[in-house]
Structures are given as structure tokens and as C-alpha cells.
Amino acid sequence: LTAGKKIKKNWELGIRWRFSSGLPFTPYNEQLTALIPIWNVNNSAVVDYTRLNDQRSDPFHALDMRIDKKWFFKRWSLNLFFDIQNVYGFKSKTQDILNVLRDSNNQPIIDPNDPTRYLLKKIPNEQGTILPTIGIIIEYKKTSSNTTSKNNTSVPNKQGNAFFYTKTTTHNPIFPPL
């Protein structure tokens, strides 16, 4: 579901609510994974293909909000925006991560009741974080008598002589640009 509202002086507000059912997954074969030779070769959990996609992760939902401020000039426009995804910080539980239990020297611990197996541990696996983004969009038009550009990415307007180029740059404090 989405909604938006244009406010005076070129301000815009927008919200979006997303819902996704839980995805199916194949559970791990814990007995096979714990076997020392199996773990030593795979170094990860082995899925149980006899139970292909017979479990489902929890559903996910999130509320996203965005505010834009736009300025219009003769041949270009500027749009600054602030966007927050997953405003209320919903976390969806997915299949636990299965790993071997390790000692203080980072060596796998052998099961004292069965020396052919390692001890396993389950690590909770949740997805969903609040994700703020700050961005800038600059649009400008270039007049030309030619109707195509070198890379064929420009599209003429109704008069056939103006091209609009858009450059979007965002800054995300969690995932900075490379």
C-alpha cells in the first residue's frame, strides 16, 4: 500500500507499507551435519532434501516513509529527500544458522556422548533493520536539434528538442559508497 501527499512550497510526503509472506525453506539435517567427516568437508550445515521446502519463515512487513523538498529552476531541478525504510524496526525470524560449537582455541568441540560427531549450536537469524537514507536528485534539460544521444538513453519531450537527464545520488550511513 502506498500513499503520497503534495504539500505547499514543493514539499512531498510519502508512505509505503510492505507485506511479504514467509518464504519456504528446506531445514537442515542436523544428524548428518554433526558427523565430523561431513562437517570437515562442507564446513557448513547440510540441508535435508527429503524435506524440501517443507518449512516457512515468518512473514515480513515494514512501513517506509519519505519526505522530499524540490526546487525548480529554468533548466534544471533539485530534489533533496530523506527516506526511512522499516520505520518501526520489524524483525522477521528466518531459519536459524547451524554451526559447530567451538572451544576457546576456536576448535570444534566433539560430542562427549558420540565421538563421531561435533556439538552443534543454533544461532538465531533475524532480518529487518531501520534503514535511513539521504539523497539528492538533480534533473536538467539540454536543448538540442538532434533527437538521439550517443548512448541512446535520452528521450525527447513533446517538442522533440529537449532532453532530460537525471542523476541520483544517495548517502546511506549504514552502507557508505565504495
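Numbers at a glance
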| read-out | value |
| --- | --- |
| Residues whose placed amide H lies under 5 Å from that of S77, excluding near-sequence neighbours | E139, Y140 |
| The range 44-124: relative contact order as a whole-number percent, Cα under 8 Å and 6+ apart | 25 |
| Label-to-label distance, nm, for residues given as W11 and V41 (7 Å Cα→Cβ offset) | 6.4 |
| Sequence-distant residues sharing a close amide H with V47 (under 5 Å, placed H) | N29 |
| Accessible surface, per residue, of the range 1-71 when the full set of protein chains is kept, probe 1.4 Å, Å² | 71 |
| Probe 1.4 Å, all protein chains present, accessible-area order of T116, T94, largest first | T116, T94 |
| Computed accessible area, L63, all protein chains, 1.4 angstrom probe, square angstrom | 50 |
| Separation of alpha-carbon centers, the range 25-81 and the range 118-133, rounded to whole Å | 10 |
| Two-site label geometry, L63 and N113: point separation in nm, points 7 Å out along Cα→Cβ | 4.7 |
| Nearest-10 value in Å² for the accessible area of T33, using the 1.4 Å probe | 0 |
| Listed pairs K9/K91; K5/K74; K6/K141; K9/K141; K70/K91 exceeding 29 Å between Cα atoms | K9/K91; K70/K91 |
| Total formal charge among the other residues, if their Cβ is under 10 angstrom from that of T26, Lys/Arg +1 and Asp/Glu -1 | -1 |
| Candidate residues I109, I134: accessible-area rank, largest first, probe 1.4 Å | I134, I109 |
| In sequence order, calculated HN-Hα J values of the range 79-89 (Karplus, 6.51, -1.76, 1.60; Hz; x Gly/Pro) | 10, 9, 9, 10, 10, 10, 9, 6, 3, 8, x |
| Value in Å of the Kirkwood radius, where the range 1-143 supplies the Cα pairs that are averaged | 19.5 |
| Accessible area in the full protein assembly, largest first, 1.4 Å probe, for Y28, Y49 | Y49, Y28 |
| Computed over the range 38-110, the ratio Rg/Rh where both radii use C-alpha atoms and Rh is Kirkwood | 1.31 |
| Å² of accessible area per residue within the range 91-137, as computed with a 1.4 Å probe and no ligands counted | 64 |
| Separation of the K141 and N125 label points, Cα + 7 Å toward Cβ, nm | 5.1 |
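The values are calculated or read from the model by the stated rules, or taken from the named source; none is laboratory data. Everything quoted here is computed from the prediction, not taken from an experiment. For neighbour counting, all protein chains shown are included, and Cβ atoms are generated from backbone atoms with ideal geometry for every residue, glycine included. Ligands, DNA and RNA are stripped out before the accessible areas are found, and what is left, the full protein with its side chains, is counted by its heavy atoms. Shrake-Rupley method; radii C 1.70, N 1.55, O 1.52, S 1.80 Å.
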